[in-house]
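The values are calculated or read from the model by the stated rules, or taken from the named source; none is laboratory data. Just so it is clear, the model here is predicted, and its values are computed rather than measured. When we count neighbours, we look across all protein chains shown, and the Cβ atoms used for this are built from the backbone with ideal geometry, even at glycine.
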Amino acid sequence: MSMRTAISGMNAAQTDLSATANNIANSSTLLLAFFVVMYSISSVNSGKYRVLSDALNAAFRGEPQREVPFTAELRQEGIPTPNVVAVPNPTSPQGTAAGQQTQLQPRAPSLVQIADNIAVEMQDLVFADQLMIRQHRGWVEIELRNDILFASGSANLPPTAQEIIRRLASQLVDVSNPILIEGHTDNLPIKTASYPSNWELSASRAASVARLMATVGIPETRLTVIGFGEHRPVETNENVEGRAANRRVILAILQSDKGSTDFYSQ
């Protein structure tokens, strides 16, 4: 082999190695960017993360995510904490004691599963940022923007809002978790015969949501109504956008063994 041939071979090998390295680097960059986007979505509204996760899992596995064991993140004040939730495998032997126990006494859905079901059912509102899902340790928070529920100064649910509440309630009928329904307003004053202050308005809006959820089949004993008025803002009330964010209804779905008294004494 001549020196020229050897050098040509080395150059070709270096070119191949360089192309391979570039492909690996590009793939790694794309993967990193993908996971950054996924994390940023989950930190703002975990509902978007849940819907995308289900879709990707179905595409790669060919089956729904909730049929196999999966790892979920419980979020407490924005800090993710790993938590593995094992879902029973439908192909497990039915003759075993464990299999019989699963059939006779099915496990109540976890907060993670409840949040997943709501995210999938309400994904149109989730991706429109009109419904927010936040996972905490001990409860799931579902936030609905007031502008899709109530007219200004009103606690009456129009037909479109009633349909939204019914869809949401349908995911909670078959679980036993206590549900707190919170009403929040901005700081613009209101003084009418029906609503002397924002306290009455916020409580009445929360009660309207509770009454409709009860008609869907959720026992009234599971529902607690709270009106916070303008006293727990999440944004500034100095501009239109901030006031819109502060006008909201929140459903806090608690663990089955956690009552509303324990929740608010934390």
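When residue 168 is tested against (1) within 16 Å of the chain's Cα centre (by Cα); (2) modelled with pLDDT of 95 or more; (3) surrounded by 20 or more Cβ atoms within 10 Å (Cβ to Cβ); (4) part of a strand (DSSP E or B), exactly one condition is not met: (4). Listed conditions (1) surrounded by 12 or more Cβ atoms within 10 Å (Cβ to Cβ); (2) modelled with pLDDT under 95; (3) in a loop (DSSP other than H, G, I, E, B) are all met by residue 257, apart from (1). Every condition in (1) closer than 23 Å to residue 217 by Cα; (2) at pLDDT below 90; (3) of a type in the set (Ser, Thr, Tyr) holds for residue 92 except the one numbered (1).
Table: residues versus (1) touching a helix residue (DSSP H, G or I) at 6+ places or on another chain (Cβ under 7 Å); (2) surrounded by fewer than 15 Cβ atoms within 10 Å (Cβ to Cβ); (3) in the same structural domain as residue 249 (by TED's automatic domain parsing); (4) over 19 Å from residue 148 (Cβ atoms).
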residue: 182; (1), (2), (3), (4): yes, no, yes, no
residue: 191; (1), (2), (3), (4): no, yes, yes, yes
residue: 199; (1), (2), (3), (4): no, no, yes, yes
residue: 202; (1), (2), (3), (4): no, no, yes, no
residue: 205; (1), (2), (3), (4): no, no, yes, no
residue: 213; (1), (2), (3), (4): yes, no, yes, no
residue: 218; (1), (2), (3), (4): yes, no, yes, yes
residue: 223; (1), (2), (3), (4): yes, no, yes, yes
